[in-house]
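Structure first, commentary second.
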Amino acid sequence: MTGVRLGVDVGQVRVGVARSDPHGVLATPVATLARDLAAAPEAVPADMAELSRLVSEFEAVEVVVGLPVNLAGRHGPAAIHAKAYAQRLADVIAPVPVALSDERMSTVVASRRLSERGVRGKRQRAVVDQAAAVEILQSWLDAQRRRT
């Protein structure tokens, strides 16, 4: 199925967002959103409201959320947190589906690639979440292509 996909890297403080082209070939960075941890339980957190707006703006057909599986392949606290975020996001953006994608090393890889390009310190922290979202989405897109 063609259409733009959004990739999401969920952190404790920030959410990185990337998007694909309509043909699902290339992921590019979009934004870094601050997590809204102060929203009332029945309210939609501001970061999810912004993700919903981005889904509409890009006419996204699917959202891919990184699932931080640990190196042993188990689901630790971060994975449980990402699953809960993905479930809540799915409720907010329905009927657009939300998929989970193993992102074991996305932030590590993103940080390394940024360092190799000379992006360090505060500048790196500002974009590492977007870069991690790109890694998550690109590896998911590549896996989808290999399946066809």
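All of the numbers you see were taken from the coordinates with simple rules; none came from a lab. For clarity, every value in this text was computed on a predicted model and none was experimentally measured. So basically every Cβ, Gly included, is an ideal-geometry build from the backbone, and we count neighbours across all protein chains shown.
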Segment ALA143-THR2, length gained on full extension (0.36 nm per residue, minus Cα span)
49.3 nm
Across the chain, where is the longest run that never hits GluC sites (Glu not before Pro) in a DSSP loop with at most 11 other C-beta atoms within 10 Å?
60-148
Pairwise label distance in nanometres, ARG53 with ASP36, each label 7 Å out on the Cα-Cβ vector
0.9 nm
Under the Karplus curve 6.51 cos²θ - 1.76 cosθ + 1.60, θ = phi - 60°, whole-Hz ³J(HN,Hα) for the stretch 57-66, x wherever Gly or Pro sits
4, 8, 6, 5, 9, 6, 10, 10, 9, x
For the chain, what's the relative contact order in percent, using C-alpha pairs closer than 8 Å and at least 6 residues apart?
31 percent
Taking amide H positions as placed 1.01 Å from N in the peptide plane, with prolines and chain starts having none, which residues 5 or more places from VAL44, or on another chain, fall under 5 Å of its amide H?
none
Sum up the charges of everything whose Cβ sits under 11 Å from the Cβ of HIS23, counting Lys and Arg as +1 and Asp and Glu as -1, but leave HIS23 out.
+1
Cut-off 10 angstrom, C-alpha nodes, Gaussian network model of the chain. Which of ARG88, ARG19, ARG117 fluctuates the most?
ARG117
Among rounded, prolate and oblate, which fits the chain when a ≥ b ≥ c are the square roots of the eigenvalues of its C-alpha gyration tensor, a/c under 1.5 means rounded, and a/b larger than b/c means prolate?
rounded
